[in-house]
Amino acid sequence: MKAKPVIQRINFEGLDAIELRTSALRVVALTAKGPRIAFWGRPDGDNLLLWKPGKYGRGQWDLMGGHRLWAARPGADEAEETYATDNQPCTVKVSANGFTVTGALDAAQKTRRGITVTATADGRITLDHFLRNESDMLWSGGLWVLTCTVPSKRSTYTLPLGDGSSWDYATIVSFRTWGGGHGGVGFDDPQFGFTKEAMVLKPSGRENKRMLKADAGIIAWHDPVRKLLFAKHSAYAPAGNYPFGTNLALYVGPKNFMVEMETMGPSATLKPGQVLKHRETWLLADAKSAPTAKALRELF
């Protein structure tokens, strides 16, 4: 990184927030609600994330969009506590190259979630997601991280598969329907295709999703309109206990209102005071065409 990032508290669309800027990227995290990343993109560019406060929700919970951290219970990855505290105020701590946003205490689970954002190089940041057990009892679960992107026409999402060994394989979980009647497209959805080394999504506006066990831990979105590549990586732990045995997922919203790029961490049991962590590395780069799986592996 050539120069220290500029970090300042700002007002983002009427909400208290904190901003990190470098010559190559801009990140905004809300402090009024969350923890949640509200903006990701070039310093002089538009938001690559869906950001529509008040438009999508579930009861009192407001999706808003952006990037967020959820707690996933083993065997019930999207339970009621997934949404708890997600729209409550946060605290913030600034460091030399980034900041930490910490959410409210979950009154039932006695857990607290947060995200540390650090600029590491031109066009790259790390996001260290964490959950701390503040109870005097045990807590068990995992961390599930979702990034809501807005695909332009001819966008592609690439997920490298396999580990390159002689007994190479990938696990792919398909859904016909899920919670509250979502989906219904079926298992033979042509939005999802394959190359020799990757699964490729070309979103066509039909609500569906896929979960994968993918050793590379990479999800990459190429936007041919903006000529940008947004790729994120989260290391896969082969011995970990993951939801459905998978560490990555993609969700296509109706009419392409968003595509969620999701990474999951393995479940763990926390004693009082212990912290569960899940790291993602984000990359933003100029790209005229979608990279191959091999090229994506080399980036990380």
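The values are calculated or read from the model by the stated rules, or taken from the named source; none is laboratory data. Here the structure is a predicted model, which is why all the values come from computation and not from measurement. Here the Cβ positions follow ideal geometry from the backbone for every residue, glycine too, while neighbour counts run over all protein chains shown. Ligands, DNA and RNA are excluded from the accessible area calculation, which covers all protein heavy atoms including side chains. Shrake-Rupley method; radii C 1.70, N 1.55, O 1.52, S 1.80 Å.
In straight-distance terms, cross-link reach from residue 4 covers every one of the lysines whose alpha-carbon lies under 21 Å from its own, apart from those fewer than eight places away in the same chain; here that gives 93.
Output the peptides 160-166, 117-123 sorted from most to least packed, where packing is the average of other Cβ atoms within 10 Å over each peptide's residues. Could the numbers behind the result be given before it?
On the way: 160-166: 14.9, 117-123: 18.1.
Output ranking for 160-166, 117-123: 117-123, 160-166.
Expressed as a whole percent, the accessible area of the chain that falls on carbon and sulfur atoms is 52 (1.4 Å probe).
Taking the range 1-55, which trypsin sites (Lys or Arg not before Pro) meet the DSSP loop condition and have no more than 13 other C-beta atoms within 10 Å?
Values: sites: 2, 9, 21, 26, 33, 36, 55; in loops: 2, 33, 55.
Passing both the DSSP loop test and the Cβ count: 2, 55.
Here residue 227 is the anchor, and the aspartates and glutamates within straight C-alpha reach of less than 14 Å, apart from those fewer than 8 places off in the same chain, are 46, 286.
For the chain, modelled as a GNM with alpha-carbon contacts under 10 angstrom, which of 142, 265, 240 fluctuates the most? Largest GNM mean-square fluctuation: 240. Karplus-based coupling profile of the range 85-94, in residue order and whole Hz: 6, 5, 10, 9, x, 10, 9, 9, 10, 9, with θ = phi - 60° in 6.51 cos²θ - 1.76 cosθ + 1.60 and x standing for Gly or Pro.
In square angstrom, what is the accessible area per residue of the range 1-152 with a 1.4 angstrom probe?
Values: 6250 Å² over 152 residues.
Heavy-atom accessible area per residue stands at 41 Å².
Backbone geometry of the range 290-300 corresponds, through the Karplus equation with coefficients 6.51, -1.76 and 1.60 at θ = phi - 60°, to 3J(HN,Hα) couplings of 5, x, 6, 4, 4, 5, 5, 4, 5, 5, 10 Hz, x marking Gly and Pro. For residue 122, the residues 5 or more places off, or on other chains, whose built amide H falls under 5 Å of its own are 2. Which of 65, 45, 114 moves the most in a Gaussian network model of the chain with Cα springs under 10 Å? Answer for the Gaussian network model of the chain: 45.
Kindly rank 66-72, 83-89 from highest to lowest mean number of other beta carbons found within 10 Å of each residue. Walk me through the numbers before you get to the answer.
Values: 66-72: 23.9, 83-89: 18.4.
In descending order of packing, they fall as 66-72, 83-89.
Computed from backbone phi with θ = phi - 60° and the Karplus coefficients 6.51, -1.76 and 1.60, the 3J(HN,Hα) list for the range 75-84 is x, 8, 5, 10, 8, 4, 5, 3, 8, 4 Hz; x is used for glycine and proline. Summed over qualifying helices (DSSP H, 4 residues or more, each -39500 (n - 2.57)) and divided by its residue number, the chain shows a 222 nm mean residue ellipticity of -500 deg cm²/dmol.
So what's the range 98-148 giving for Rg/Rh, alpha carbon basis, Kirkwood Rh from the mean inverse pair distance?
Numbers: Rg = 13.3 Å, Rh = 12.5 Å.
The Rg/Rh ratio comes out at 1.06.
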